[in-house]
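As structure tokens, the structure follows; a few thoughts come after it.
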Amino acid sequence: MSENIVILMISVSTFLGALGLIALLWGVKTGQFDDQSKFIDAARYDGEEELRDAAMMQEKKEEQKKKREAKEKEKNYMPPD
Amino acid sequence: MAQIACTHCNLVFDESVMITEHPQGDVSSVPDSQTLHFCCKGCQGVYHLLGSEGLSTFYDKLGDTTLQPANQDISADLEKFDLEGFKNKYIKTTQEGLSQIHLIIEGIHCSACVWLNEKVLHKTDGVIEASINYTNNKAKVVWDPEEVKLSKIIETIRAIGYNAYPYDPSLQEERANKTKKEYYLRILVAVFGTMNIMWIAIAHYAGYFTGMQQNFKDILNVAEFILATPVLFYSGWIFFRGAYFGFKNKIVNMDTLVASGALSAYIYSIYAMISQHGEVYFDSVVMIITFVLVGKYLEVLSKKHAVDTLDSIMGSTPTEVTTLKEGVKSLVSIENVQVGDIIELKPGEKVVIDGIVTSGQGSFDESSLTGENQPIYKQKNDAILSGSLCLDSVVHYKASKDVSGSLLTSIVSLLEESITKKPHIEQLANNISGYFSNIILLIALLTFTGWYFVNGSFETALIVGISVIVIACPCALGLATPMATLVGISIAAKRGILFKEATFLETMAKSKVLALDKTGTLTEGKPSVVQAALFEGFAPALLLALVETSNHPVSKGIVRYLKQENNGLTTIQLEHIKSIEAKGIEATFKGKKLLGGNAALLQERGIAVDVTSENSLFYFALDQTLLARFELSDTIREGAKEAISNIQALGIKVMMLTGDHEQSAQKVAKAVGIEEVHAKLLPQEKSALIQNFQNKGEVVVMVGDGINDAIALAQSNIAIAMGQGADVAINVSDVVLLDEKPQSIFDAYKISRRTFTAVKENLGFSLLYNVIAVPLAVAGFVNPLIAALSMSLSSLVVVGNSMRIKMIKFKENNV
């Protein structure tokens, strides 16, 4: 067995593990595990409708952001001399 | 008459009193199952609203869960949510210019309720984010103030049958949550690193015994190094921070030991890795960080529990009161109430501002302040204390203090202080480990200088010096206390005993004196029926309907008794319900007059009753005929006597401290087998008594539940509070008994003593280990084989010994 194989095995497996860890850390940081009971219920109330709802909220957020930006532009608008 | 469930809230009522509705309007064509029944207009309104919004799937999700009937009055005091003062207090503006508020949603019973509320809020224009926590009913709502007003959002929540009130996500809760999350993230990284390093270490050790080429060893070394680095510097950051603060305050603490041990092992390992001789100890580095970190996390968790309980109690206190100014009623935020303002108090309301009654009379429940469970009758010119509960009537009173000067607020601030203050016992424990780490650091330094002068080689001296630290400190000694207390705390938590900090186990194990409060600790703290005399014609359902209309502790005792004795009592609607202040209740049912109350009330109405009893009495009469007589008294908790005798068998002196009369105190004391009784004590006197014992060098454990015990609890070395006790008591206490059983006090003693024994064994073992290993290391005899073996073995012994705590036997397990 050459060194390269050992290096490859260790690095690939550690990297894959690290990916999982990072995903978990992200989940904890964004508060996805904050509410135990709700976390379990999420599996029950998971359907097309909920997905649409989430998409709607996302859209709302973006729309809101756009509106803000538009307003900012308006505010900062300076007529050319 | 048939009993039917309300279509909306599922509560069961008599069909005759329900609002019946036929969907198509044509009675004959509709099958019975499609007929809708509502208990009130509120429920009816919500049902149709949900239908028109396309949210009727709510009822499928709801199942058989019953809800609170919807409130009809949805627009009451809505305007206050848009007031400037309210905004400043509760609404935060986010970076994007959006508004954010934390609400407690009232009336959430099941996950369907959470679903419905979130769904409705999501549908509201201008609401950007809405998430509700099912566990504690707290919600966070973010909205665009230009599109929608907060009052509109609250109205939406009310329209579907819930209520929402704001709360200040006081720094406390937010901080507790943040620390918890921070620890959790660090633990995740630490566990990941440790697990992977352990795999590699197996290869390492196998290679050590069977022979491995240096180039393979290098690969494993580098892999371990990469994994250990984030664990040490990210997960172990807490210890470096602690060590730094310790250094600044000139204290060598446990954190110093962990940090210096882990860091020196780490540096030594890097040196070994680069120089390619010697063994690396990355596995020990991550092991110690992970174990000690998990121990700390458990402490943080139990602290958060206590904060959660406190928050929910504080959340229920009103944020505004009704004031009367020149005959005009208005809702005023409690901060704006001034001394001299007249405040109106309605039945069931909690008092938040101290004052003096100006008109009206009624009973007040002061049990959270004094521990006394008998309601107190107050009339004109009597003082009202904040924290008490108005039970049965409308009272006007004049504020004698503003909110910040009131009893409730000053107690709360006192508590917040005590939460942040560390007890001196813990510092003592830290000191001992501090001495030890000092000595080890000194020995290491001496070894280094000694070798340097004798041998002349800097490198050898450094390696030997570091090997002293590596071998002495990290595993066994570092793990000795945390590992044992970790197991102890988790066993206790499983039995509903929350130790807020690990060191309390140690303190409690040393205690020889136990002081108990009477009301609410040894007894239930609420009156229950001890004797009932029922006469001919007694109808339990009628009495139940009557007493359910009252908040009085005696009425509640009767309700509990009736529900226990009779199954499935039907609900009856009474008319003309009227509560007579501090005396009883009257009502009519189908023209018959119901009367329930104390002897004075019945005698007043010309009914002769037998009044000879040492307990509280409650009579029930129907049309001038006495139908029932109940004797109520505060009952002693189940198993109290057994628990006390068990504790006494451990060689602990048990005494009772109470504010009650000598007579009732002696009665309870006799029943549970306590010989030393101190009765008629004021809160300060309780605390003085405890101090007396402490001056004699005793470690005193105090168990209590009320605000009246708070000072004594704070004074005692270990304070134990009942889970349902006053928020103050829970806050100042070190241990919380969730199940409130007296037996748990005994269990807590048992667990703490067993844990302390294990700590002593662990410390003894690791000291012995150090006595043998350190001189060897100083002499330079520590070769990698001994180091690797002894390190793993010593920590395994400590971990194994701590696990033995789990074999502790509890009473019920033997049965």
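The values are calculated or read from the model by the stated rules, or taken from the named source; none is laboratory data. For clarity, every value in this text was computed on a predicted model and none was experimentally measured. Quick reminder, even Gly has a Cβ in these numbers, built from the backbone with ideal geometry, and neighbours come from all protein chains shown.
One table, with the values for the structure above:
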{"quantity": "Residue selected from the range B:732-771 under the condition among the charged types (D, E, K, R) and touching a helix residue (DSSP H, G or I) at 6+ places or on another chain (Cβ under 7 Å), by the criterion nearest to B:Leu505 (Cα to Cα)", "calculated": "B:Arg753"}
{"quantity": "Count of residues meeting criterion [among the small types (Gly, Ala, Ser) and farther than 23 Å from B:Leu49 by Cα] in the range B:95-143", "calculated": "2"}
{"quantity": "Filtered residue count, the range B:99-126, keeping only those that are within 8 Å of another protein chain (Cβ to nearest Cβ) and either crowded, with 22+ Cβ neighbours inside 10 Å or touching a Leu at 6+ places or on another chain (Cβ under 7 Å) (or both)", "calculated": "3"}
{"quantity": "Test: B:Ile101 is in contact with a helix residue (DSSP H, G or I) (Cβ under 6 Å, 6 or more places away or on another chain) and modelled with pLDDT of 75 or more", "calculated": "yes"}
{"quantity": "Filtered residue count, the range B:184-226, keeping only those that are over 16 Å from B:Gly278 (Cβ atoms), of a type outside the set (A, V, I, L, M) and away from chain A (no Cβ under 11 Å)", "calculated": "4"}
{"quantity": "Qualifying position, being under 19 Å from the mean Cα position of the chain (by Cα), modelled with pLDDT under 90 and at the interface with chain B (Cβ under 9 Å from one of its Cβ atoms), among A:Lys67, A:Lys60", "calculated": "A:Lys60"}
{"quantity": "Residues within the range A:14-53 that are in a loop (DSSP other than H, G, I, E, B) and surrounded by 11 or more Cβ atoms within 10 Å (Cβ to Cβ), tallied", "calculated": "6"}
{"quantity": "Some residue of the range B:370-379 being modelled with pLDDT of 75 or more and in contact with a Lys or Arg (Cβ under 8 Å, 6 or more places away or on another chain)", "calculated": "no"}
{"quantity": "Checklist (1) among the small types (Gly, Ala, Ser); (2) away from every other protein chain (no Cβ under 12 Å); (3) part of a strand (DSSP E or B) applied to B:Ala139, failing item", "calculated": "(2)"}
{"quantity": "B:Leu542 vs. criteria at negative phi and in a strand (DSSP E or B)", "calculated": "no"}
{"quantity": "Selection status of B:Ser555, part of a helix (DSSP H, G or I) and either touching a residue at least 12 places away in the same chain (Cβ under 8 Å) or closer than 25 Å to B:Lys686 by Cα (or both)", "calculated": "yes"}
{"quantity": "Among the residues listed as B:Val513, B:Val530, B:Val468, the single one being crowded, with 16+ Cβ neighbours inside 10 Å and modelled with pLDDT of 80 or more", "calculated": "B:Val513"}
{"quantity": "Single residue of the range B:73-95 satisfying the filter (surrounded by 13 or more Cβ atoms within 10 Å (Cβ to Cβ) and in a loop (DSSP other than H, G, I, E, B)) that is modelled with the highest pLDDT", "calculated": "B:Ile91"}
{"quantity": "Residue list for the range B:104-131, filter: at pLDDT below 80 and under 18 Å from B:Asn177 (Cβ atoms)", "calculated": "B:Ile104"}
{"quantity": "Residue in the range A:10-51 that is nearest to the other protein chains (Cβ to nearest Cβ), counting only those that are in contact with a Phe, Trp or Tyr (Cβ under 7 Å, 6 or more places away or on another chain) and of a type in the set (Phe, Trp, Tyr)", "calculated": "A:Tyr45"}
{"quantity": "Hits in the range B:127-161 - residues which are at positive phi and either surrounded by fewer than 22 Cβ atoms within 10 Å (Cβ to Cβ) or over 31 Å from the mean Cα position of the chain (by Cα) (or both)", "calculated": "B:Asn137"}
{"quantity": "Helices (runs of 4 or more DSSP H) enclosed by the range B:623-733 - at least 2 residues per element that are over 23 Å from the mean Cα position of the chain (by Cα) and surrounded by 16 or more Cβ atoms within 10 Å (Cβ to Cβ)", "calculated": "B:640-649, B:662-672, B:683-695"}
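Residues are listed down the side, and each one gets a yes or a no for (1) surrounded by fewer than 16 Cβ atoms within 10 Å (Cβ to Cβ); (2) modelled with pLDDT of 75 or more; (3) not assigned by TED's automatic domain parsing to the domain that holds B:Glu106:
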{"residue": "B:Arg175", "(1), (2), (3)": "yes, no, yes"}
{"residue": "B:Val191", "(1), (2), (3)": "no, yes, yes"}
{"residue": "B:Ala201", "(1), (2), (3)": "no, yes, yes"}
{"residue": "B:Phe209", "(1), (2), (3)": "yes, yes, yes"}
{"residue": "B:Asn221", "(1), (2), (3)": "no, yes, yes"}
{"residue": "B:Pro230", "(1), (2), (3)": "no, yes, yes"}
{"residue": "B:Ala262", "(1), (2), (3)": "no, yes, yes"}
{"residue": "B:Tyr268", "(1), (2), (3)": "no, yes, yes"}
